Amino acid sequence: MPQWAHLGLAALLLASTALLGGAGADIDWWENASLYQIYPRSFQDSDGDGIGDLKGITSRLGYLKEIGITATWLSPIFTSPMSDFGYDISDFYDIDPIFGTLADFDALIAEAKSLGVKIILDFVPNHSSDENEWFEKSVNREEGYDDFYVWDDGKLNAETGQREPPSNWVSVFSGPMWTWNEKRQQYFLHQFQVKQPDLNFTNPMVREHMLDVLKFWLDRGVDGFRIDAVPHIYEYRFANGSYPDEPISGWGSDPNAYDYHDHIYTKDQPATVDLMYEWRAFLDKYRADNGGDSRVLLAEAYSSVETLSAYFGNSSHQGTQLPMNFQLMYLSGYSTARDVVGSIDYWMQTMWTEHQTANWVVGNHDTNRVADRMGAHKVDLLNVIVNSLPGASVTYYGEEIGMSNVDVECTGDSCEDRDGERTPMQWTAGKNADFSQGESTWLPLSPEYQRYNVQTERGVSRSSLNIFKGLQELKSSAAFLAFKDEGGFSYEAVTEQVLQIIRTNKYSEEYRILVNLGNDMEILNGLASKTYEYVLVTAYSTHYAGQKVDLSQRIILMPYEAVVLRWLA
């Protein structure tokens, strides 16, 4: 983006904050939160079976408090045959024995509340397991469950006389989205695995059941939900009950692959937006009736920013507080500061100017780790960026210590291409990284765990862990809390490779964050007319905390260096 164009956007952002926020605007806890995703199988094993569990998570909650985490969301822990590692739920009201019991969950909630760490659950409403009793009842056409899932007779081929699926829809995991059920003599819809039949949200009874699920876990003390696979919840159906074929996208050549079609009838339907408003209203009423802080909804939606805006809300309805922003996950080791600005702009041009909200996701259980996407030497740079921008940050476990993907040998049907980013948390340099006292772990440990682990990094001043902790401390500063005030923040690429982020309360405190994404030394002249102090420096820096720098002169950044500078009135 040309510099003048970006300056125009900056002016627009300032104008919007003046209109929407104003100086001293109140912020809710989630707006500036540090969120942390735990993959329960891989966080801490308490019983020696090599698989993480709830008691293990409970024993490590103090670590989350230590590193400044506001809330953690847990990938699915509900009863499941584990065809999709818990995203195929057979009982929405219970804990899978792999992870423990409801009593273990209650103990986790109690410990989290004592520490002031909020707990968010993964909520998987689009589908259930085919081993869920709801599906079994629907197959048998039991009263009240007949159309609990999406069923259809299909259509007859006029030439062959053979029965065919209702439409050409292809599942996310490839192959037909429709599967024939011999017992019921109908096709059922599954946007994902065949063992994950889609619930029929046009049925009011399904929606009531899901509200009951939400209430069950709210009553047990959870602080919100991350909603899985939001775009897939509804599908389009003609008035006569038939399903339209989706057009060819032109993006792929394999008709059985998901990208072969343009999913205009199976993603981001208007009814899905309305459902988000319904759930938000339910959570807000629950708070009004029961007190406490806001209960939050995170929406997993790989959708356009315009669609995410609709999921957040409009002038008359509120939706999910945090429609998850994955833009920074698309950066690579070749990305420049201007690329970063482009990714930030994509979100801010819509979500900040319309709603004054932002969130920045670092990674998740479906994406290669930052060390693999961008390089181990740039892990700290991305952590600095996401935690310096206004809004909430979302960190995948282990990214704060620079964990990398592990080569996992595929053996058998349970092999997952995504296992590399799901390996055990690296706590110490000891046996099994102190993740488990068992003889083996469910996935192999990184061969680098003796270097990259919590215990070791606690003792290294410029380790990724200590940089991360320092960034969380900054989030409670006056300048960082003023992000809704007029002129409270700005960002720009001051060169092709150097990103600058400014956070200020306009009168007593200002931070300048400089990040050099390039492999050359950068010399910057005349950035400001004040003298600043270094308060945080990364491992590649030649500077030290407490050192002063006059920004009216020059500042030198080494390759891959990031610094946080502070000015106090």
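At-a-glance table
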{"quantity": "Net +/- balance of residues flanking residue 351 in space, Cβ distance below 14 Å, scoring K and R +1, D and E -1", "calculated": "-3"}
{"quantity": "Additional length obtainable on full extension of the chain from residue 141 to residue 569, 0.36 nm per residue less Cα span", "calculated": "146.9 nm"}
{"quantity": "Dimensionless Rg over Rh [the range 270-343; C-alpha; Kirkwood]", "calculated": "1.12"}
{"quantity": "Residue (of 206, 498, 386) at the positive-pole extreme of the chain, dipole from beta-carbon charges", "calculated": "498"}
{"quantity": "Test item: Cα-centred dipole of the range 477-568, Lys/Arg +1 and Asp/Glu -1 on Cβ, debye", "calculated": "260 debye"}
{"quantity": "Cβ-Cβ FRET estimate between residue 334 and residue 302, R0 fixed at 25 Å, reported to 0.05", "calculated": "0.70"}
{"quantity": "Whole-angstrom gap from the range 259-304 to the range 434-502, using each part's C-alpha centre", "calculated": "29 Å"}
{"quantity": "Acute angle (nearest 10 degrees) that the helix 270-290 long axis makes with the longest principal axis of the chain, alpha-carbon atoms", "calculated": "70 degrees"}
{"quantity": "Charge dipole magnitude, Cβ of K and R +1, D and E -1 - the range 200-352, Cα centre, debye nearest 20", "calculated": "420 debye"}
{"quantity": "Distance-filtered residues of the range 78-106 - backbone nitrogen under 17 Å, label point 7 angstrom along residue 219 Cα→Cβ", "calculated": "92-95, 102-103, 105-106"}
{"quantity": "Probe 1.4 Å, accessible area per residue of the range 477-568, Å²", "calculated": "40 Å²"}
{"quantity": "Nearest-ten-degree value, helix 379-388 long axis tilted from longest Cα axis of the chain", "calculated": "90 degrees"}
{"quantity": "Residue-wise HN-Hα coupling along the range 438-454, computed from phi with Karplus coefficients 6.51, -1.76, 1.60 (Hz; x: Gly, Pro)", "calculated": "x, 7, 8, 10, 4, 10, x, 6, 5, x, 9, 5, 6, 9, 9, 8, 4"}
{"quantity": "Linear extension gain, residue 133 paired with residue 256, 0.36 nm per residue minus alpha-carbon span", "calculated": "41.3 nm"}
{"quantity": "Rg [Å, one decimal], Dmax [Å, integer] - the chain, C-alpha atoms", "calculated": "24.7, 82"}
{"quantity": "Estimated FRET transfer efficiency (residue 212, residue 114; beta-carbon r; R0 30 Å; 0.05)", "calculated": "0.60"}
{"quantity": "In nm, spacing of pseudo-spin labels at residue 248 and residue 91 (7 Å Cα→C-beta vector)", "calculated": "4.9 nm"}
{"quantity": "Degrees separating the helix 464-474 axis from the principal Cα axis of the chain, which is the longest one", "calculated": "80 degrees"}
{"quantity": "Protection proxy ranking of 387-400, 164-177 - average other beta-carbon atoms within 10 Å, highest first", "calculated": "387-400, 164-177"}
{"quantity": "Net +/- balance of residues flanking residue 516 in space, Cβ distance below 9 Å, scoring K and R +1, D and E -1", "calculated": "-3"}
{"quantity": "Listed peptides 417-425, 487-495 by packing density, highest first (mean Cβ within 10 Å)", "calculated": "417-425, 487-495"}
{"quantity": "Most to least packed among 283-294, 461-472 [average Cβ atoms within 10 Å]", "calculated": "461-472, 283-294"}
{"quantity": "Cα lying deepest toward the dipole's positive end in the chain, options 169, 425, 279, charges on Cβ", "calculated": "425"}
{"quantity": "Theoretical ellipticity at 222 nm over the chain - DSSP helices of four or more residues, -39500 (n - 2.57) apiece, nearest 500", "calculated": "-7500 deg cm²/dmol"}
{"quantity": "Nearest-20 debye value, the chain charge dipole, Cβ charges on Lys, Arg, Asp, Glu", "calculated": "2180 debye"}
{"quantity": "Förster-model FRET efficiency, 56 Å R0, residue 418 and residue 548, C-beta, rounded to 0.05", "calculated": "0.75"}
{"quantity": "Estimated inter-spin distance, residue 66 and residue 314, nm [label 7 Å along Cα→Cβ]", "calculated": "4.8 nm"}
{"quantity": "Trypsin sites (Lys or Arg not before Pro) lying in DSSP loop within the range 142-183, provided at most 12 other Cβ fall within 10 Å", "calculated": "183"}
{"quantity": "Exceeding the 18 Å Cα-Cα cut-off - candidates 137/195; 55/113; 55/118; 113/285; 484/506", "calculated": "113/285"}
{"quantity": "D_trans [Stokes-Einstein, Kirkwood Rh over alpha-carbon pairs] for the range 460-545, 20 °C, 1.002 mPa s, µm² s⁻¹", "calculated": "151 µm²/s"}
{"quantity": "Full-extension gain in nm, residue 185 to residue 288, via 0.36 nm per residue minus C-alpha separation", "calculated": "32.4 nm"}
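The values are calculated or read from the model by the stated rules, or taken from the named source; none is laboratory data. Note that this is a predicted model, so its numbers are computed, not measured. Neighbour counts are summed over all protein chains in view; Cβ atoms, including those assigned to glycine, are modelled from backbone coordinates with ideal geometry. All accessible areas refer to the heavy atoms of the entire protein, side chains included, with ligands and DNA or RNA removed. Shrake-Rupley method; radii C 1.70, N 1.55, O 1.52, S 1.80 Å.
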